[in-house]
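Trainee: Have a look at this one.
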């Protein structure tokens, strides 16, 4: 049976596959999405070759207005876990796709609630990320400068000791 996946689902699937953990195989990602391994592999090749259809401006605007899974409140997450509780298999995948999330995210939310540690994720804005990157760069530059100064000082001390060992120290000349 051939399934017709939406273009946005294919793009999200490729992003998930490319951003997976090093412990997760591509086959496991395909299974969690409800697709075949070869299908997901083909989508990745198509994405690399830029063969996916271009997304219209209207669709792009609607996609950017959709909430990311990390933007969901705890109440919304709980409602989704409850709603997905009775759904299984392909129906669950379809329901999740329609809501802009993956089934594995619902499973993770469920585990978080069961463990008693639901995490309220904090969305970090681009400006905050940019500021942190600039601060990190400045700190690395300063650390590099200080490392060079320390190395120069250590080299001067070693040379001073060698000079004193060869020609004697200035203190010996003054005492005579």
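Trainee: When a footprinting reagent is the concern and you count Cβ atoms within 10 Å, what order do 101, 129 take, fewest first?
Mentor: Values: 101 21, 129 10.
Going from sparsest to densest Cβ surroundings: 129, 101.
Trainee: Separate question: Give me 102, 95 sorted ascending by neighbouring Cβ count inside 10 Å, so fewest comes first. Can you show the working numbers first?
Mentor: On the way: 102 21, 95 16.
Least to most surrounded, the residues fall as 95, 102.
Trainee: Let me ask something else. Just order 152-165, 17-30 by mean Cβ neighbour count inside 10 Å, highest at the front, would you?
Mentor: On the way: 152-165: 10.4, 17-30: 12.8.
Packing proxy ranking, top to bottom: 17-30, 152-165.
Trainee: Could you give the radius of gyration (one decimal) and Dmax (whole number) of the Cα atoms in region 67-123, in Å?
Mentor: Rg, Dmax (Cα atoms, Å): 10.8, 31.
Trainee: For 139, 78, what's the fewest-to-most ordering of other Cβ within 10 Å of each Cβ? Kindly include the intermediate steps, with their values, before the conclusion.
Mentor: Numbers: 139 10, 78 15.
Result, fewest neighbours first: 139, 78.
Trainee: Would you kindly state how much longer the chain becomes between residue 82 and residue 27 on full extension, computed as 0.36 nm times their sequence separation minus their alpha carbon distance, in nm to one decimal? Let's see the in-between values first.
Mentor: Numbers: separation 55, 0.36 × 55 = 19.80 nm, distance 2.78 nm.
Separation in residues times 0.36 nm, less the Cα-Cα distance, equals 17.0 nm.
Trainee: Next up: Can you compute the FRET efficiency between residue 145 and residue 115 using 1/(1 + (r/R0)^6), with r the Cβ-Cβ distance and R0 = 45 Å? Round to the nearest 0.05.
Mentor: Details: r = 46 Å, r/R0 = 1.02.
It comes out at approximately 0.45.
Trainee: What does the convex hull of the Cα atoms of region 126-175 come to per residue, in Å³, rounded to a whole number? Intermediate values should be presented prior to the final figure.
Mentor: On the way: hull volume 2.6 nm³, N = 50.
Per residue, the Cα convex hull of region 126-175 comes to 52 Å³.
Throughout, read-outs are computed from the coordinates displayed, never taken from laboratory work. Keep in mind that what you see is a predicted model, and the values were worked out from it rather than measured. Here Cβ is always computed from backbone atoms with ideal geometry, including for glycine, and neighbour counts include all displayed protein chains.
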